[in-house]
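The values are calculated or read from the model by the stated rules, or taken from the named source; none is laboratory data. This is a predicted model, so every value here is computed, not measured. We place every Cβ from the backbone using ideal geometry, glycine too, and count neighbours over all the protein chains shown. Side chains are part of the model used for accessible areas, which takes the heavy atoms of the whole protein and leaves out ligands, DNA and RNA. Shrake-Rupley method; radii C 1.70, N 1.55, O 1.52, S 1.80 Å.
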Amino acid sequence: SFSSDHRPVSDKILERLPITILINFLSLLIIIVVAVPIGVLSAVHQDSLFDKVTTVLVFIGFAVPTFWLALLLMIFFGISLGWLPISGLRSLNYEYLSAWEQLVDLAKHLILPVFISAFGGLAGLSRYMRANMLEVIRQDYILTARAKGLSERQVIYKHALRNALLPAITILGLSIPGLIGGSVIFETIFAIPGMGQLFYMSVMARDYPTVMGILLIGAIL
């Protein structure tokens, strides 16, 4: 590294990588758990009030810049309401807390960064799921399943959902590099000591070996 510590780039990345992986893993989990049901329900109840409302919310999700949303949430939940911390991963008294209190403290620090990280992907995957489900439920084998007397729940969740998930899983895999890239923004805003913040600091310091090391990981992904 060109920085004053002259440490190996691999050491600096490995030191911060677990935090970035944790945040991105939680983001992917939220995206899957929330986006898939929204997409399925929107397709099954096409043109209903639920479908129209979620469509509007999804387009807002696509349009809102994440850095601006992050600042708004920090002002609202962190400063106005005082419910959530707005920077770092730990409180100043973290070492003096019990194990349960430390876990709660970490969770509070992660809520806003994880939500911001998942926000864009949530909007995208729910639209993909809706489009896939609409295509699948019009297939002949779905009509056959209904003609056999299967319940609507079995038709949708046992037959249609399995096939509709295949393209969505592919897209979810392709979104991983985007999540890693997005971590540069929210880790810098929330002062989280992850790989994204390291990348930003390295760019500002013109620490080219570290920048190249992090870019290499993104290229491989």
Worksheet, complete the sentence: With the first residue restricted to segment 24-51 and required to be farther than 27 Å from G181 by Cβ and without any contact (Cβ under 8 Å) to a residue 24 or more places away in the chain, and the second required to be among the aromatic types (F, W, Y) and assigned to a helix (DSSP H, G or I), Cβ contacts under 8 Å at 6 or more apart or on different chains are L41/F50
Worksheet item: Which residue pairs have Cβ atoms closer than 6 Å, lie 6 or more positions apart in sequence or on different chains, and pair a first residue in segment 178-196 that is of a type in the set (D, E) with a second residue that is open to solvent by less than 10 Å² (accessible area, probe 1.4 Å)?
Response: E187/G194; E187/G196
Worksheet item: Among the residues of segment 92-129 satisfying the criterion of being under 11 Å from the mean Cα position of the chain (by Cα) and of a type in the set (V, I, T), which is surrounded by the most Cβ atoms within 10 Å (Cβ to Cβ)?
Response: I116
Worksheet item: Quick one: is N163 among the polar types (S, T, N, Q), closer than 23 Å to T54 by Cα and open to solvent by 40 Å² or more (accessible area, probe 1.4 Å)?
Response: yes
Worksheet item: Between residues in segment 205-221 that are over 18 Å from L179 (Cα atoms) and part of a helix (DSSP H, G or I) and residues that are of a type in the set (F, W, Y) and open to solvent by 30 Å² or more (accessible area, probe 1.4 Å), which pairs lie under 8 Å by C-beta distance while being six or more apart or on different chains?
Response: Y208/F2; P209/F2; T210/F2; T210/F199
Discussion item. With the structure loaded, tell me whether L89 is part of a helix (DSSP H, G or I) and surrounded by 14 or more Cβ atoms within 10 Å (Cβ to Cβ) or whether it fails that test.
Written reply: no
Worksheet item: Tell me, which helices (runs of 4 or more DSSP H) wholly within segment 104-193 include 3 or more residues that are farther than 22 Å from F25 by Cβ and either at pLDDT below 85 or in contact with a helix residue (DSSP H, G or I) (Cβ under 7 Å, 6 or more places away or on another chain) (or both)?
Response: 140-147, 161-174
Discussion item. Just to be sure before I move on: is A147 exposed (fewer than 15 other Cβ atoms within 10 Å of the Cβ), small (G, A, S) and touching a residue at least 60 places away in the same chain (Cβ under 8 Å) in the structure I sent?
Written reply: no
